[in-house]
Amino acid sequence: MKYSKNELLIEVQGVSLSYDKQILRDINFRIHNIVRPDVNQGQVISLIGRSGIGKTQLFKILAGLIQPGSGTVKVGLDQHPVVAGEVGIVAQNYILFNHRTVHDNLRLAMKHSSNTQNDKEKDALINEYAEKFDLAEHLKKYPMQLSGGQRQRASIIQQVLTGNRFILLDEPFSGLDALMIDRVMELLLGISTLHELNTLVIISHDVENSLAISDTAFILAREKDKEGATITETLDLIELGLAWNPNIRENQVFQTLVSQIKHKI
Ligand SMILES: Nc1ncnc2c1ncn2[C@@H]1O[C@H](COP(=O)(O)OP(=O)(O)OP(=O)(O)O)[C@@H](O)[C@H]1O
Ligand SMILES: [Mg+2]
């Protein structure tokens, strides 16, 4: 597969976090802009670790919502320290406003987007996404009237409409049935190829689904006799020949990798 890794988009250096005990220890990783001929290829990265390891804490640090005890998170082509609000976040407890319809939630997301679209153009874009991701008939409903999978997709689209290129997702597959997981995966893959700089960071304990859509995965685990979780392994799925293939879950090499990783987290 022909590709190159260009500009640095995200750099995490020496991130540690402690409460009464150490949660995260010396987390380091870099995400580069992947460029492929003839494809608007964005980045899909996953951070995989078991329950309680510190994923949501790392999510909050990457989003700029909490400060680490030490270390830095830099984002963007100019590599500035991350600021809360500039990163799209899809939290497990979705952040849609319950007193607004899905359509109005999506319109609100576009309020601050620095573009010159008028109301008609904004609605056209909302309708386009809604059509594409099976939400068209639900636009007039309130979030409480949606299923978990529909709310999850509305919440992801909402983040895309804000115009943020960098979107963090905490456990995007949990609580969804197999069909909805496939829909969410399609949506994420769709977003990752909408724009070259779109970068999705999926934080999850779901090894199989996370690896299936990622180009790179970082394993978050505890090393023997050491406190705090750190990155114990980096998987370059492009080099392994396992990236950018929608049917990868059926692949034998992929399945073997999934079971190996399940034993390591
Ligand atoms: N405000 C806090 N004060 C003290 N400890 C905390 C605080 N918030 C989280 N923790 C602890 O940090 C650890 C990691 O929590 P975190 O929510 O990041 O786990 P997680 O990997 O996201 O788990 P899950 O997969 O279940 O969501 C847990 O042991 C938790 O008890
Ligand atoms: Mg969590």
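At a glance:
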{"quantity": "Conditions (1) within 16 Å of ligand 2 (Cβ to nearest atom); (2) aliphatic (A, V, I, L, M); (3) under 23 Å from residue 189 (Cβ atoms): number failed by residue 65", "calculated": "(3)"}
{"quantity": "Matching entry among 197, 161, 189, 168 (being within 30 Å of residue 37 (Cα to Cα), in contact with a Ser or Thr (Cβ under 9 Å, 6 or more places away or on another chain) and either at pLDDT 85 or above or open to solvent by 60 Å² or more (accessible area, probe 1.4 Å) (or both))", "calculated": "161"}
{"quantity": "Residue within the range 15-30 that is among the hydrophobic types (A, V, I, L, M, F, W, C), touching a Gly at 6+ places or on another chain (Cβ under 6 Å) and more than 19 Å from residue 75 (Cβ to Cβ) present", "calculated": "yes"}
{"quantity": "Residue list for the range 166-202, filter: on the phi < 0 side of the Ramachandran plot, within 16 Å of ligand 1 (Cβ to nearest atom) and touching a strand residue (DSSP E or B) at 6+ places or on another chain (Cβ under 9 Å)", "calculated": "168, 169, 170, 172, 173, 174, 201, 202"}
{"quantity": "Residue satisfying condition, being modelled with pLDDT of 95 or more and within 26 Å of residue 136 (Cα to Cα), within set 64, 69, 42, 49", "calculated": "42"}
{"quantity": "Restricting the range 221-265 to residues that are of a type in the set (A, V, I, L, M) and in contact with a Lys or Arg (Cβ under 6 Å, 6 or more places away or on another chain), the residue that is least open to solvent (accessible area, probe 1.4 Å)", "calculated": "229"}
{"quantity": "Residue within the range 19-32 that is touching a Pro at 6+ places or on another chain (Cβ under 8 Å) and under 16 Å from residue 219 (Cα atoms) present", "calculated": "yes"}
{"quantity": "Residue match in the range 19-28 (condition: modelled with pLDDT of 95 or more, open to solvent by 50 Å² or more (accessible area, probe 1.4 Å), within 16 Å of ligand 2 (Cβ to nearest atom) and of a type outside the set (Asp, Glu))", "calculated": "yes"}
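The values are calculated or read from the model by the stated rules, or taken from the named source; none is laboratory data. All values derive from a computational prediction rather than experimental measurement. Glycine also receives a Cβ, built like all others from the backbone with ideal geometry; neighbour counts cover every protein chain displayed. These accessible areas exclude ligands, DNA and RNA; they are computed on the full protein's heavy atoms, side chains included. Shrake-Rupley method; radii C 1.70, N 1.55, O 1.52, S 1.80 Å.
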